[in-house]
1. Expressed as a fraction of 2.2 N^0.38 Å, the rule-of-thumb size for a compact globular protein of N residues, what is the C-alpha radius of gyration of the range 102-164?
2. Gaussian network model of the chain, Cα springs within a sub-10 Å range: biggest mean-square fluctuation belongs to which of Thr129, Thr115, Thr29?
3. How much FRET efficiency would the formula 1/(1 + (r/R0)^6) give for Asp102 and Asp30, where r is the Cβ-Cβ distance and R0 is 30 Å, rounded to 0.05?
4. For each pair in Lys31/Lys165; Lys68/Lys147; Lys27/Lys165; Lys58/Lys169; Lys58/Lys104, compute the distance between the two Cα atoms and list the pairs where it is over 22 Å.
5. At Arg54 and Asp136, where each label point lies 7 Å from the Cα along Cα→Cβ, what is the point-to-point distance in nanometres?
6. Treating only the Cβ atoms of Lys and Arg (+1) and Asp and Glu (-1) as charged, compute the dipole magnitude of the chain about its Cα centre; round to the nearest 20 debye.
7. Anyone know which of Lys141, Lys104, Lys42 comes out most mobile in the 10 Å Cα GNM of the chain?
8. Measure off, as a whole percent, the carbon and sulfur share of the 1.4 Å-probe accessible area of the range 113-159, all protein chains present.
Amino acid sequence: MKNKRINQYKIMTDFLSLCNDRYAVRKFTDKMVSEEDIAYLKEAIRLAPSAANRQPWKFIFVVSQEAKEKLRQCYHREWFKTAPMYVIAMKNEQACWVREEDGKQHADIDVAIATEHLCLAAADRGLGTCWVCHYDIELVKKYFPVKDFEAVALIPVGYIDTSVKQPEKVRKSAEEIFQKI
């Protein structure tokens, strides 16, 4: 039976292209993300793996004008204001898996995995994203309080402005990052 599941996986020959094409977008059109695309992003997040399947996250989709204005006060960059929608990625450290030997909590790791699912799913739909981790923590807590949860990242999401040129992807060489022993 286990082999049957392996055979059900589709071969995605364009996954590396998707990874290569995704970049931090800092200028969006004002066109709102469609409900169909939002549903796609939500499903990609929902399917993300987490340590011990704890899923210690919440993702707030910020789409109302009032909520967007509040969030824009939390990060003072002009480009950030161009996004038609945002997602707040949140973690719950009480709900995450904790490694017994050293007490290492995996909430940040789990939320990062789910957030990258969001970003790659957005790229798959022709949408741009950018991880924002340097924001006013206290304002986010004030404007978007969720009991037992803490914001990890703000993700602007939208259609990429046509004046934006995809930057060259600069990465370390394979020799610098991989080791085989």
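The values are calculated or read from the model by the stated rules, or taken from the named source; none is laboratory data. Quick caveat, the model's predicted, so the values are computed rather than measured. Please note: Cβ atoms are built from the backbone with ideal geometry, for glycine as well, and neighbour counts cover all protein chains shown. Note: areas computed on protein heavy atoms with side chains; ligands, DNA, RNA excluded. Shrake-Rupley method; radii C 1.70, N 1.55, O 1.52, S 1.80 Å.
1. Values: Rg = 14.2 Å, N = 63, 2.2 N^0.38 = 10.6 Å.
With N residues counted in the range 102-164, Rg over 2.2 N^0.38 Å equals 1.34.
2. Comparing Thr129, Thr115, Thr29 in the GNM, the peak value goes to Thr29.
3. On the way: r = 47 Å, r/R0 = 1.58.
So, using R0 = 30 Å, E works out to roughly 0.05.
4. Values: Lys31/Lys165 19 Å; Lys68/Lys147 20 Å; Lys27/Lys165 10 Å; Lys58/Lys169 30 Å; Lys58/Lys104 20 Å.
Lys58/Lys169, as the Cα separations exceed 22 Å there.
5. Between Arg54 and Asp136, the simple spin-label model gives 3.2 nm.
6. In total the dipole reaches around 280 debye.
7. Among Lys141, Lys104, Lys42, the largest GNM mean-square fluctuation belongs to Lys104.
8. Numbers: 1190 of 2090 Å².
C and S fraction of accessible area: 57 percent.
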